[in-house]
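Visitor: Structure below; questions to follow.
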Amino acid sequence: HPVSDENFSRPYIFSPTESRERAQPRLPPELVDDTEEWEVERIQSFEKFGKTPKWLVLWKGYPLDEAIWEPRSSLAKEALAEFEASHKEYQ
């Protein structure tokens, strides 16, 4: 009969602390025209807040729990184009 390890039968519980411990060191922002800018790793999701569309941005060097909802005007064109190409339903 099949035997399974006891550890595999318990549900996984996400720990934000564990995630931060494994995350890469945070990258400092770049200074562009005297303005701090962070690099987008990828756009994770899209949602409308009332009539305002926003995209969930995962920043390079930061854990997923620090992703931020941003308006279109704050997004890098390349990251937005990549997201829209792979998510036709959001166009």
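Just so you know, all these numbers are worked out from the coordinates, no wet-lab data involved. Model, not experiment: these values are computed from the prediction. When we count neighbours, we look across all protein chains shown, and the Cβ atoms used for this are built from the backbone with ideal geometry, even at glycine.
Visitor: Quick one: Karplus J couplings for the stretch 58-67, per residue in order, coefficients 6.51, -1.76, 1.60, θ = phi - 60°, nearest Hz, x for Gly and Pro?
Guide: Along the stretch 58-67, the couplings run 9, 8, 4, x, 10, x, 4, 6, 10, 5 Hz.
Visitor: Going by C-beta contacts inside 10 Å, put V40, V57, V32 in order with the fewest on the left.
Guide: Neighbour counts put them in this order, fewest first: V32, V40, V57.
Visitor: Excluding I43 itself, calculate the net charge of residues whose Cβ lies under 10 Å from the Cβ of I43, where each Lys or Arg counts +1 and each Asp or Glu counts -1.
Guide: Details: positive: R42; negative: E41, E70, E82, E84.
So the surrounding residues net to -3.
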